[in-house]
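J.: Let me give you the structure first, and then I'll get to my questions.
The values are calculated or read from the model by the stated rules, or taken from the named source; none is laboratory data. Keep in mind that what you see is a predicted model, and the values were worked out from it rather than measured. Cβ: placed from backbone, ideal geometry, glycine included. Neighbour counts: every protein chain shown.
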Ligand code: CA
């Protein structure tokens with residue numbers, strides 16, 4: 001029975017992706033942890049699925065009191081906070097949180113509730129989104145908020161690299177091919193960034209797994225092959241290039257000057 005339940009969970013959470021990807025998302029712990037405080041369970045659940053799919057670690061709370069407790073007691077990198085909540089409303093959660101912590105907060109407000117937005121930002125929210133929102137919009141706001149947080153202490157600038165028409169901008173978390181935007185998941189992006197940064201150097205699978213999936217990754221060993229395949233579908237197939245080369249028995253490389261492609 002236990003096995004059965006677990007399988008169903010994976011199907012619900014990860015849809016039709018391969019086993020390797022399911023395992024990776026589960027084992028991954030290098031990614032940011034996001035707390036969703038939202039009493040509408042369908043929204044909370046949907047957001048959680050999407051965040052997990054992107055590789056984020058998540059936690060949920062369905063009322064303001066539980067949310068504040070989790071926000072204060074655990075190591076959370078970002079909070080998605082609904083305003084209308086039972087027990088303690090979102091504004092109050094934010095005020096109490098800000099008295100002790102500066103965890104980035106993205107508030108969810110009802111449509112056209114201008115006052116909410118203003119008071120939310122005044123109370124120290126980093127950003128807000130109006131319901132109903134597109135999940136892509138939320139993901140973009142999350143990336144911005146996390147980047148702002150990461151850059152708060154240092155002024156280190158991200159890399160911008162171009163190899164054979166493929167440009168990766170780490171600061172903006174963007175990949176373009178001949179000026180066209182490519183949508184990559186966080187792990188696909190990280191894998192591409194590593195290969196581009198180490199251009200002309202063959203990186204073995206172990207190295208790539210530890211960098212992309214975390215050092216204590218214990219899942220499927222073909223995980224990197226799966227991500228490479230996804231990247232090839234999104235870039236190589238579409239633009240008729242051979243960007244990532246397989247070096248049999250070793251790993252992968254991106255060559256700056258690849259005559260064969
Ligand atoms: Ca609500």
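J.: Looking at residue 181, is it modelled with pLDDT under 90, within 25 Å of residue 31 (Cα to Cα) and in contact with a strand residue (DSSP E or B) (Cβ under 8 Å, 6 or more places away or on another chain)?
T.: Values: modelled with pLDDT under 90: no; within 25 Å of residue 31 (Cα to Cα): yes; in contact with a strand residue (DSSP E or B) (Cβ under 8 Å, 6 or more places away or on another chain): yes.
Taking the combined requirement at face value, the residue does not satisfy it.
J.: Moving on to the next point. If only one of 17, 69, 38 is away from the ligand (no atom under 16 Å from the Cβ), within 22 Å of the chain's Cα centre (by Cα) and either modelled with pLDDT under 95 or in the same structural domain as residue 131 (by TED's automatic domain parsing) (or both), which one is it?
T.: Details: 69 fails: within 22 Å of the chain's Cα centre (by Cα); 38 fails: away from the ligand (no atom under 16 Å from the Cβ).
After ruling out the rest, the residue left standing is 17.
J.: Select from the range 162-211 the residues that are free of Cβ contacts under 8 Å to residues at least 40 places away in the same chain, within 18 Å of residue 250 (Cβ to Cβ) and in contact with a helix residue (DSSP H, G or I) (Cβ under 7 Å, 6 or more places away or on another chain) and list them in ascending order.
T.: Answer for the range 162-211, where residues must be free of Cβ contacts under 8 Å to residues at least 40 places away in the same chain, within 18 Å of residue 250 (Cβ to Cβ) and in contact with a helix residue (DSSP H, G or I) (Cβ under 7 Å, 6 or more places away or on another chain): 194, 209, 211.
J.: Which residues, counting only those in the range 72-93, are without any contact (Cβ under 8 Å) to a residue 40 or more places away in the chain and either within 12 Å of the ligand (Cβ to nearest atom) or over 23 Å from the mean Cα position of the chain (by Cα) (or both)?
T.: 83, 87, 88, 89, 91, 92
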